[in-house]
Every structure is written in structure tokens, then in C-alpha cells.
Amino acid sequence: MATDTSSMKLEKVAPSAEDFLPLLGTDYVELYVGNAKQAAHYYQSAWGFQPLAYAGLETGMKDRVSYVLQQDKIRLILTSPLESGGDINRHIDAHGDGVKAVALWVDDATKSYQETVSRGAESYMEPKTIKDEDGEVVLSGIHTYGETVHIFVERKNYHGVFMPGYQEWKTDYNPEPVGLKYIDHMVGNVGWNEMNKWCEFYAKVMGFAQLISFDDNDISTEYTALMSKVMSNGNGRIKFPINEPAEGRKKSQIEEYIDFYNGAGVQHIAVATDNIIETVTQLKARGVEFLYVPENYYDTVLDRVGEIDEDLEPLKELGILIDRDDEGYLLQLFTKPVLDRPTMFFEIIQRKGAQSFGKGNFKALFEAIEREQEMRGTL
Ligand code: FE2
């Protein structure tokens, strides 16, 4: 039902007849990290991701190592360089650990490349076919904001565990999944006055439509502000909110991100669960750190959002936020940055009809982020 309302809503804003870039979903998210082996252990132990595939010296990969982890429909690749110099090292030097590629699952990676490049996308990887005994995968890629890229993955003729070049990866220590289902949305932070440019990129080059926008009146506290627009593809499976900093009395969290990441990049990955209380209880027990929400948030929240199915007490104990729109409500919670630089973090979200992004929580949330910035001396 939620999916139906979403597509109805999209038709209102996306009247274009033909979707020239049909996207089946997010295929994987690849992070370039300083130590992929240890990062993989973190995502297994703390987040309940399961080992899926591996590429490295043992598989003939000479210059890098990649671990692929999976939880339901979510796939993460953690990649580290095995040599000095080169692009991955330079990326890590500039940005710290961070998202390099947001890969999109398509039926035709060659056509996806042609449609986007002919509309002005900068090429990252021309279509190439890779093969092994389990079949073939076609990959192509384009640049987006900062040094982030989109890879188009065509895997309809592949039956192996992940893709050619990888072997199955098994580990003895496999903590249980925590109930994460799929990527709900991925947010990009871009520089001053760049939000519209990148929204136009997603509209013109990838055929996305704008769902919602927030201006600095919606998203401001006493000190900081930002602006945000949400871009979605035709079937609503891919949603990319784009943030830019806005002028405030002190430094915006978006500006802090841009400073530490040295440019635009992925700010957060929102992952969906069917039971946020269970998922967050598990994550907290395994040491994942969340933003602290002031207890007084819960004094008035039900006046704002009305009746909900859940008891308020466990939500309050776990610091889970609630928001409502015309179509229902949602429950959400944000981690602290999962890296040493104050850059990328995760959002846990459970939708109960609502198709929006928690605008009503922004103020409480940003005040929580500002408390952290204050401690870092970057406010
Ligand atoms: Fe979000």
C-alpha cells in the first residue's frame, strides 16, 4: 500500500511519458576505506551484515582488496588499496573513509550509459563486460557530485555469488542480522549554492523528478541552517535528497561535512527496517552510537504526530524520532558519524505509510548535531 501511494504521488510530479533510465534498485554502495578488513568486521559485528564475496590477491586482484557484505537487499563493498599511490589512496587522503560509488541495478548498462552521457553526464567508465564461469555482468559509470560516481550494473546474465572477479567469502564468526531490509534513500551534501545544479543534473541527465524541498526556514535552528531538495527516479525506488549549507549564526553541519570531506559527498545512508525498536535495540547492544535526543522531545511529540501503534516508552528509551505526513507516519533515528572525520552517518527508518523524510524532526535533530559540533569545536 505504501508503494502504491508513493507511485501515485510521483505521477503528479513526474508527468514525463517515458522513463529513459529505468532503475531496478540500488545494487551496492562501495566505500573506499583505510582498512577494509577491520571495517568489514565492524559492519558484520555491529550492524549484522553477512559475508558475501571477496576480491584480493587470492582472486588475482593485485592493487586492491574488496569485501562485499549483505543484509537482505543492502550490499556494501569495502575497498582498500594494496599499494602506495593510486586513485584509492588519493581518495582516502582527500576524503577519509567515504562512499565512492552508488551502484544502480539496471536491465541495460550500455543503454543507461548512452542515455545519461548523451544528456551531459561525465563518463567514469565506458560499458565493459566481465565474465566468469557463472556468466557475465555489464558495468558502466558516470560522475556525480564531488568524486562520487554512479555505476550501472546489468546482471541479468549472471548467476554467481556477486560478480566476476569475486569469490564467495565465508567467515566463522557471523553475528545475526539486525533486520535491515533495503536502502530507503541516500543523501548528498554539496557546496554553497550547488543544490540546484545537482538537482538539475538528476532531472536532466537521469530523468529524476523533485519530490519535496525544504528551505532554510524549515531547517534552521538558532545557529545553523541548510537547504534540501529530494530527487526521485520514475518508479520511486531511488531517492536522493541533496543538501547545501545555508547562512546561519554559526557553522552549518553541511559546511562542517564539506570542510572535513574536502568537497561534496554522501552524507547519510538511510536503511529501512520493519521493526525499528528491535533493530535499534540490537544495534545499541552491539555498540552503534546514535545521536542523543533530549527527553523533552517526547513531552509534546504525540500532540504533533497524533496516535501511533507503538508504545511511547521504548521509543523514548531508544531515542527514536517520530514524524507524520498526509499519508501516515514514520519512525527514524540517526547514528553519530561512523568514521573519525565528522562526515558520513546512517539513518534507521521505519515507514508506516509516510513517504516523507522527517521534516518535523529536523529542528530537534540539528540541535542534537550542534551539541556534537560544540564538543568538536566546529560549530
Ligand atoms: Fe534521511
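The values are calculated or read from the model by the stated rules, or taken from the named source; none is laboratory data. Keep in mind that what you see is a predicted model, and the values were worked out from it rather than measured. As a convention, Cβ positions derive from the backbone with ideal geometry for all residues, glycine included, and neighbour counts pool all protein chains shown. Each accessible area value is taken on the protein alone, full model and side chains, heavy atoms only, with ligands, DNA and RNA left out. Shrake-Rupley method; radii C 1.70, N 1.55, O 1.52, S 1.80 Å.
Worth pointing out:
- Residue list for the range 266-293, restricted to those being among the aromatic types (Phe, Trp, Tyr) and touching a Phe, Trp or Tyr at 6+ places or on another chain (Cβ under 7 Å): 290
- Just one of the numbered conditions (1) open to solvent by 20 Å² or more (accessible area, probe 1.4 Å); (2) over 15 Å from residue 369 (Cβ atoms); (3) out of contact with any helix residue (DSSP H, G or I) (no Cβ under 7 Å at 6 or more places or on another chain); (4) of a type in the set (A, V, I, L, M) is not true of residue 258: (2).
- Complete set of residues in the range 175-195 that are more than 16 Å from the ligand (Cβ to nearest atom), modelled with pLDDT of 95 or more and out of contact with any helix residue (DSSP H, G or I) (no Cβ under 7 Å at 6 or more places or on another chain): 176, 177, 194
- Candidates are the residues of the range 272-281 that are in a helix (DSSP H, G or I) and open to solvent by 30 Å² or more (accessible area, probe 1.4 Å); the one that is farthest from residue 183 (Cα to Cα) is 281.
- Residue identified as within 16 Å of the ligand (Cβ to nearest atom), touching a helix residue (DSSP H, G or I) at 6+ places or on another chain (Cβ under 9 Å) and modelled with pLDDT of 95 or more among 265, 207: 265
- Single unsatisfied condition, residue 139 versus (1) touching a helix residue (DSSP H, G or I) at 6+ places or on another chain (Cβ under 8 Å); (2) of a type in the set (A, V, I, L, M, F, W, C); (3) within 16 Å of the ligand (Cβ to nearest atom): (3)
- Unique residue being more than 16 Å from the ligand (Cβ to nearest atom) and assigned by TED's automatic domain parsing to the domain that holds residue 184 when the list is 358, 287: 287
- Selection count, the range 156-170, where residues are under 16 Å from residue 77 (Cα atoms) and either open to solvent by less than 100 Å² (accessible area, probe 1.4 Å) or in contact with a Gly (Cβ under 6 Å, 6 or more places away or on another chain) (or both): 8
- Residue pairs whose Cβ atoms lie under 8 Å apart, separated by 6 or more positions or on different chains, with the first residue in the range 52-71 and assigned by TED's automatic domain parsing to the domain that holds residue 40 and touching a residue at least 40 places away in the same chain (Cβ under 8 Å) and the second among the acidic types (Asp, Glu) and open to solvent by 10 Å² or more (accessible area, probe 1.4 Å), are 52/168; 53/168; 54/168; 66/30.
- Enumeration of residues in the range 89-107 that are over 21 Å from residue 186 (Cβ atoms) and in contact with a strand residue (DSSP E or B) (Cβ under 6 Å, 6 or more places away or on another chain): 89
- Residue within the range 179-192 that is over 24 Å from residue 346 (Cα atoms) and surrounded by fewer than 20 Cβ atoms within 10 Å (Cβ to Cβ) present: no
- The set of residues in the range 124-152 being small (Gly, Ala, Ser) and either part of a loop (DSSP other than H, G, I, E, B) or open to solvent by 10 Å² or more (accessible area, probe 1.4 Å) (or both) consists of 135, 146.
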